[in-house]
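In what follows, a single structure is set out as structure tokens and then discussed.
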Amino acid sequence: MIDKAEFIRESIKYLNQYSQKSLQKELSKYGITVPQMRIINEVMKNHAISVKQISLHLHMSQSTVSEVVERLIKKNILIKTPSLEDKRSVNISLTEHVKEILKTYRSEVISSPFVEALNQLDLNQQEAVVDGITLLMEAVDKITSKKE
């Protein structure tokens with residue numbers, strides 16, 4: 001069982017690296033780095049969020065997040081607005097233009113490495129991959145729901 005678990009762990013690590021490299025290649029066309037995209041995703045999920053919250057959610061230092069946010073503001077991707085709850089704080093959000101672009105292309109860009117990989121398989125193999133991952137996710141869900 002340990003060998004299977006190790007294979008799965010290493011496979012997930014490999015697939016994550018493949019995804020990150022493919023994503024970085026795609027994003028570099030737009031002048032965006034993976035850390036920048038992680039922050040953009042976090043802002044998109046939360047609509048308006050502080051630098052401190054971003055750093056906590058992404059396990060990045062506040063200074064790193066601040067630097068990346070400033071670069072993204074200069075690129076007209078993010079904007080700062082005063083927080084309604086705390087006048088000393090600012091919220092980070094996406095510009096309207098970027099919101100529209102991400103609605104259209106985000107899923108396409110993020111999924112494209114796996115679409116390309118799945119296209120290397122026939123339909124039965126594609127279904128086997130989806131079925132196997134679904135089973136593993138269901139098993140993990142059972143474990144996590146017991147712990148909660």
For this session: Report, by residue number, each residue of region 40-50 that is hydrophobic (A, V, I, L, M, F, W, C) and open to solvent by 20 Å² or more (accessible area, probe 1.4 Å).
Result: M44, A48
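May I ask you to verify whether V98 is assigned to a helix (DSSP H, G or I), of a type in the set (V, I, T), on the phi < 0 side of the Ramachandran plot and open to solvent by less than 60 Å² (accessible area, probe 1.4 Å)?
Here the answer is yes, as V98 does meet what is asked.
From S89, S55, grab the single residue that is surrounded by 16 or more Cβ atoms within 10 Å (Cβ to Cβ) and of a type in the set (S, T, N, Q).
Numbers: S89 fails: surrounded by 16 or more Cβ atoms within 10 Å (Cβ to Cβ).
Just a single option satisfies the conditions, and that option is S55.
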Problem set entry | The one condition in (1) part of a helix (DSSP H, G or I); (2) touching a helix residue (DSSP H, G or I) at 6+ places or on another chain (Cβ under 6 Å) that I92 fails to fulfil | (1)
For this session: Test each condition in (1) in contact (Cβ under 8 Å) with a residue 12 or more places away in the chain; (2) buried (at least 16 other Cβ atoms within 10 Å of the Cβ); (3) of a type outside the set (V, I, T); (4) touching a helix residue (DSSP H, G or I) at 6+ places or on another chain (Cβ under 8 Å) for Q20 and report the one that comes out false.
Result: (2)
Problem set entry | region 78-121, residues that are over 17 Å from I49 (Cβ atoms) and either touching a Pro at 6+ places or on another chain (Cβ under 9 Å) or of a type in the set (S, T, Y) (or both) | T104, Y105, S107, S111, S112
For this session: Hey, can you tell me all the residues within region 23-39 that are at pLDDT below 90, open to solvent by less than 40 Å² (accessible area, probe 1.4 Å) and in a helix (DSSP H, G or I)?
Result: L23, L27, V34, M37
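Would a scan of region 73-88 turn up a residue that is assigned to a helix (DSSP H, G or I) and out of contact with any Gly (no Cβ under 8 Å at 6 or more places or on another chain)? It would help to see each step written out before you state the result.
Taking region 73-88 first, the residues assigned to a helix (DSSP H, G or I) are 73-74.
With out of contact with any Gly (no Cβ under 8 Å at 6 or more places or on another chain) added as a condition, the list becomes 73-74.
Yes, region 73-88 contains a residue that is assigned to a helix (DSSP H, G or I) and out of contact with any Gly (no Cβ under 8 Å at 6 or more places or on another chain).
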Exercise. Taking interchain pairs and intrachain pairs at least six residues apart, which have beta carbon atoms under 7 angstrom, with the first residue in region 31-44 and without any contact (Cβ under 8 Å) to a residue 60 or more places away in the chain and under 20 Å from N91 (Cβ atoms) and the second of a type in the set (S, T, N, Q) and surrounded by fewer than 20 Cβ atoms within 10 Å (Cβ to Cβ)?
Worked result: V43/S93
For this session: Would you confirm whether any residue within region 64-74 is free of Cβ contacts under 8 Å to residues at least 12 places away in the same chain, touching a strand residue (DSSP E or B) at 6+ places or on another chain (Cβ under 7 Å), more than 20 Å from S107 (Cα to Cα) and open to solvent by 20 Å² or more (accessible area, probe 1.4 Å)?
Result: yes
Seminar exercise, completed: Subset of region 101-137, residues under 15 Å from M37 (Cα atoms), surrounded by 12 or more Cβ atoms within 10 Å (Cβ to Cβ) and not basic (K, R), comes to I101, L102, Y105, V109, I110, S111
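Just to be sure, is E42 more than 15 Å from the chain's Cα centre (by Cα) and of a type in the set (D, E)?
No; evaluated as a whole, the condition is false for this residue.
The values are calculated or read from the model by the stated rules, or taken from the named source; none is laboratory data. None of the values given here were measured: they were computed from a predicted structure. Using ideal geometry, Cβ is built from the backbone for each residue, glycine included, and neighbour counts are taken over all protein chains shown. Accessible surface is based on the protein model in full, side chains and every heavy atom, while ligands, DNA and RNA are left aside. Shrake-Rupley method; radii C 1.70, N 1.55, O 1.52, S 1.80 Å.
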